[in-house]
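Here is the structure we will look at.
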């Protein structure tokens with residue numbers, strides 16, 4: 001694992017935590033940041049989680065080949 005793949009994986013974890021937190025906030029009925037802001041965070045965090053995770057895996061695989 002390279003430092004770059006570690007950063008990607010860290011970012012993926014943070015985005016995943018933000019996604020889960022947003023879901024809990026939205027299901028509570030009264031999100032602290034409001035429905036629109038919390039929904040926007042959720043909408044950005046889900047794809048970001050996947051993109052960063054895939055980038056981390058690709059970077060780690062590329063470093064194994066070298």
To the nearest 0.05, what FRET efficiency results for residue 27 and residue 58 with a Förster distance of 35 Å applied to their C-beta separation? 0.55
Length added when fully stretched, residue 36-residue 20, from 0.36 nm per residue minus Cα-Cα: 4.2 nm
Scaled to the compact-protein estimate 2.2 N^0.38 Å, what is the alpha-carbon radius of gyration of the chain, rounded to two decimal places? 1.37
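Since every read-out is calculated from the coordinates, none of them should be taken as a lab result. Since the structure is predicted, the reported quantities are computational estimates derived from the model, not experimental observations. When we count neighbours, we look across all protein chains shown, and the Cβ atoms used for this are built from the backbone with ideal geometry, even at glycine.
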